[in-house]
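This report refers to the structure that appears directly beneath it.
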Amino acid sequence: MDDGWVCIGHSHVGALGQASGGALDVINFWDVGDLWAHWDAELLRPLREDLAARVANGRVVISAIGGSAHFVLGMVEHVQPFDFVLSSDPDLPLDETRQLLPLDAVRETIKDLAMPLLRGLSVVAGLANGPLIHIAPPPPLAVVLHARTKFEFPREHFIGKTDMPTPKWPRYKMWRLHCEVIEDYCNQHGVRYLDAPRSAVDDEGFLRPDLDADGMHGTIEYGKLVLDDIWRAL
Amino acid sequence: MKHPYAMALPHQRWRSAMTRCAPGEIDPVVSSSWRISASDRIATAGSCFAQHVARRLRAAGLGVLDTEPAHSILSEATAEAFGYGLYSARFGSLYTARQLLQLFRRAYGRFAPMEDEWEEDGRLYDPFRPAIQPRGFPTRKEFELDRVRHLAAVREMFEAASVFVFTLGLTECWRSRLDGAVYPLCPGVAAGEFDPDRHEFHNLSAQETIDDLDGFLVELREVNPGVRVILTVSPVPLAATAEPRHVWTSTTASKAVLRVAAEEISRRPGVTYFPSYEVITSPAARGAYYQDDLREITAEGVDHVMRLFFKHMIEEDALANAPPPEVKDDFLERSQKMADVLCEEASLDPVD
């Protein structure tokens, strides 16, 4: 069903590739490395040409480039907890015991995190001949069960509370803001943006727990829902 | 009996004080009656020149108050663009003594300006710090919550400071015809819309400036009896004048008024005048402390001022005892690494 489709990007391509049953031509940047930062390097010419040809030949190109900025920001609780008012949904819960940050300043932080990877999307846009669709990263979970303490970071040197995720609403707003940043970028570069599947979220907008792989990525089932949405969008 | 000038000290005579030492050695401070110690909590406010003072004191490890600090996830550029870290709270530049008094009264609920928000393109701007956020506030909720927290931070600053450094910058201001509220910038310049029915120009006199500073000191000491005050006058000329005369004439008039007011107020107990204005504008400097635009101060000029500030206003052992600079927050870098680990695992082995 997805013959001739290409899926390019970072870790979120894994679930989509598996969900397609191997039909997708998956270009995973965890395999090819940080190509965008060295796009013109002569050493990378063979890799670049191969990638360019695959993207150019894709009947449909799905981008899952980047997608971790909100997670980086909210995966664990900062020692100075913060919150913000999301302008697109200002009535979302706000914890007034936390430091209130200007929305636009948080947006700048997310852009700082997202842009180094997202710039690759404009390169892909220049290569693709078929429809190019960029997918939103999976929504956050309401309740994070995955213990981050397995990462052995010396606590005295880390300002985050490694055993405590950021509460759900600030995390949710970080994800929404990240999605807005991505969508803006897509609009600026003529790329179609696709939100996370509605069927993948609960009543409050959080990812259904059964679709969560590791607190950050969607399962193969989530990948199937995304592919279904892409089909419908096309 | 000898006449009084016969006993004048070298710093009191022009020739010895101004012509017999290198320009960079001119020292109009001479001495000070008190100094800042390592345990002091220094608040800074005023016109743009005050930023230099805060930056240098902070760099030296002295206790510069910041009661409304940037969150450490913000980059330096973002923090600065959003008005963090420039002064001791996020109030932006306070050019006039009237603004300072008004800020105090607003913080303590003693004055509530009638025109206290401007709307433009669906965004809200704070008339009393219109440039504090590059594009204003995107929602009323953020605007109102931020103001409440901002004014709480201002109160904390006034109450926690043991030394308050204020740099007087201007006498010309724009104010509301409704209730006399003054704005840091003319409505319409950074935000808002100028309306001659609601806004008027006012050039504060020496007496008004003295009264405003006096009023501020009285009210400040109600909440913080022990605070000491250092007054300076900004040597930065006016960017433009609203008086129908040459901008340089307005600059000299404005600086003269501020200098007179600072002189008068520095006679009050616990108030010191620090002559940064004199250092920069001294004939000995021959204008070399001004950049090519003849307004901004060169790094050498700031160096000269701050060298004297440290020499005369800071206790010698304050610097030796200054706490080490804060360790940079690497939260985002480390979180990124943690996310990368998860991403690498997920890309290799997606979960069914």
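The values are calculated or read from the model by the stated rules, or taken from the named source; none is laboratory data. Not measured: the values here are computed from a predicted model. Glycine gets a Cβ as well: all are built from the backbone with ideal geometry, and neighbour counts include every protein chain shown. Surface areas here come from the heavy atoms of the whole protein model, side chains and all, with no ligands, DNA or RNA. Shrake-Rupley method; radii C 1.70, N 1.55, O 1.52, S 1.80 Å.
Assorted remarks:
- Between the stretch B:107-154 and the stretch B:231-255, the alpha-carbon center distance in angstrom: 28 Å
- Across peptide B:70-77, the mean count of Cβ atoms from other chains lying within 10 Å of each residue's own Cβ comes to 6.
- Ratio of Rg to Rh for the stretch B:32-348: 1.00 [Cα atoms; Kirkwood radius as inverse mean 1/r over pairs].
- Per residue, the convex hull spanned by the alpha carbons of the stretch B:144-298 comes to 150 Å³.
- Within 10 Å of each Cβ in A:66-75, the average number of Cβ atoms from other chains: 4
- Summed over the residues of the stretch A:38-87 and divided among them, the accessible surface reaches 38 Å² per residue at a probe radius of 1.4 Å.
- Restriction of the trypsin sites (Lys or Arg not before Pro) in the stretch A:47-149 to DSSP coil positions whose beta-carbon has at most 14 other beta-carbons within 10 angstrom yields A:R59.
- All Cα pairs of chain A, percent lying beyond 30 Å: 26 percent
- Accessible area expressed per residue, the stretch A:101-146, with surrounding protein chains retained (probe 1.4 Å, Å²): 33 Å²
- Whole-percent carbon and sulfur share, accessible surface of the protein assembly as shown, 1.4 Å: 52 percent
- For peptide A:12-21, the mean count of partner chain Cβ atoms within 10 Å of a residue's Cβ comes to 3.
- Interface A-B: total buried accessible area of about 4100 Å², 1.4 Å probe, protein heavy atoms only.
- Among the listed pairs A:K173/B:K141; A:K111/B:K328; A:K168/B:K141; A:K224/B:K337, those whose Cα-Cα separation exceeds 22 Å are A:K224/B:K337.
- Think of the protein assembly as shown as having a plus end and a minus end, set by charges on the Cβ of Lys, Arg, Asp and Glu; of A:V123, B:A77, A:G66, B:A77 sits farthest toward the positive end of this dipole.
- For the protein assembly as shown, the Kirkwood estimate of the hydrodynamic radius, built from every pair of different alpha carbons, is 27.4 Å.
- Only one residue of B:G109, B:I297, A:P197 has its Cα farthest out toward the positive end of the dipole of the protein assembly as shown, where Lys and Arg carry +1 and Asp and Glu -1 on Cβ, and that residue is B:I297.
- Cβ-placed point charges (K, R +1; D, E -1), dipole of chain B about Cα centre in debye, nearest 20: 1940 debye
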